[in-house]
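Asker: My questions all concern the structure below.
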Amino acid sequence: MQAMVLAVVQGLTEFLPISSSGHLSIVSKLFFGEDAGASFTAVTQIGTELAVVIYFIGDIVRLVAVWFRGLFSAQVRATQDYKLAWYVIVGSLPIGVLGFFFQDYIRSTLRSLWITAATLVIFGVLMGLAERYGKQLREQARLRLSDGVLMGFAQAMALIPGVSRSGGTITAGLALGLTRATAVRFSFLLAIPAVFAAGLSEVSHVFEPSPYGLQPSAAQMIVATVVAGVIGYAVIAWLLRFVQKHSVYLFVWYRIALGAAVFALLGFGVIQP
């Protein structure tokens, strides 16, 4: 039951800009008395990223093929698809490097609910400011290398629970003048190499005895990953439609309200940090 509940939470929140790792930490501590753990979070994200691969399989195959052809053709290297493939590669580097060097802090210190509550509020406000003041004029065809780099560093901030990988990249994209739809689509593509790498690197840690987080069985991890992936696929389709016609203020106010609620629960001793 724990694995199923946490998988549903992961699937619902991975692609929304509200922090899946923060929600997993809050739900697991509130209802099960212990943090789900960074390893459990990273591995279940493989399921949700498989949903991204399935949903965007046409784009992914095209970008990979163009990237390989571009290695040998100057004409192909001039195309936007070839550049986009490189933007995804370059943008994936920050989270990989920082995740490797700070993995011990990510599994322990940074998973405090005090930090999660603060980042929910702070980055919610930043998202609101980006929505309010971002020009939102540039479509995918006008993406630049600097967008990939800056959104890559914004994605790396999500190593801290509560920031949100999609929230950080969408906020950065809006601040850089991208349309909401462009920022969301690039956010999904940018996540694929980073999240797969993180999940695969954490597989060996899931079943190791650790003072940080729950210790799931292999069966629980398989079920959780599959459930998270199925729900995540539905959320992708919904979010892409939603941002076409609506602002991100719904998520801004949700983040602020949730952060305030977590502060209250911590302050009254209902849950432990």
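The values are calculated or read from the model by the stated rules, or taken from the named source; none is laboratory data. Please read all numbers here as calculations on a predicted model, not as lab measurements. For neighbour counting, all protein chains shown are included, and Cβ atoms are generated from backbone atoms with ideal geometry for every residue, glycine included. For accessibility, only protein heavy atoms count, side chains too; no ligands or nucleic acids. Shrake-Rupley method; radii C 1.70, N 1.55, O 1.52, S 1.80 Å.
Asker: Set the Förster radius R0 to 41 Å, insert the Cβ-Cβ distance between R142 and T109 as r into 1/(1 + (r/R0)^6), and round the FRET efficiency to 0.05.
Answerer: 0.55
Asker: Determine, from the Cβ-Cβ distance of D81 and A197 and an R0 of 30 Å, the FRET efficiency 1/(1 + (r/R0)^6), rounded to the nearest 0.05.
Answerer: About 0.85, to the nearest 0.05.
Asker: Next question, about the same structure. Using a 1.4 angstrom probe on the protein heavy atoms only, could you order W253, W114, W67 from most to least accessible area?
Answerer: Ranking W253, W114, W67 by accessible area, largest first, yields W253, W114, W67.
Asker: Here's another thing I want to ask about it. Can you list, largest first and rounded to whole Å, the semi-axes you get for the chain by taking the square root of 5 times each eigenvalue of its Cα gyration tensor?
Answerer: Result for the chain: semi-axes of 30, 22, 16 Å.
Asker: Taking a label point 7 Å from the Cα of R62 along the Cα→Cβ vector, which residues of the stretch 160-191 have an amide N closer than 15 Å to it?
Answerer: From the stretch 160-191, the list is 182, 185-186, 189.
Asker: Along the principal axes of its C-alpha atoms, what lengths does the stretch 1-92 span, in descending order and rounded to whole Å?
Answerer: Taking the Cα atoms of the stretch 1-92, the three principal extents are 58, 21, 20 Å.
Asker: Here's something else I'd like to know. Can you tell me the orientation of helix 57-70 relative to the chain, as the angle in degrees between its alpha-carbon axis and the longest Cα principal axis, to the nearest 10?
Answerer: The helix 57-70 is inclined about 50 degrees to the chain.
Asker: What percent do you get for the relative contact order of the stretch 58-191 when only Cα pairs under 8 Å and 6+ apart count?
Answerer: It comes to 28 percent, rounded to a whole number.
Asker: Another one. Can you compute the FRET efficiency between F153 and V226 using 1/(1 + (r/R0)^6), with r the Cβ-Cβ distance and R0 = 41 Å? Round to the nearest 0.05.
Answerer: My answer for the efficiency is 0.80.
Asker: Further question on the same structure: Note the full-extension length gain between A257 and E34 as 0.36 nm times their separation in residues minus their Cα-Cα distance, in nm to one decimal.
Answerer: Stretched out fully, the A257 to E34 stretch lengthens by 78.0 nm.
Asker: Sort Y233, Y87 from largest to smallest accessible area, using a 1.4 Å probe on the heavy atoms of the protein chains.
Answerer: Highest to lowest solvent-accessible surface, that is Y233, Y87.
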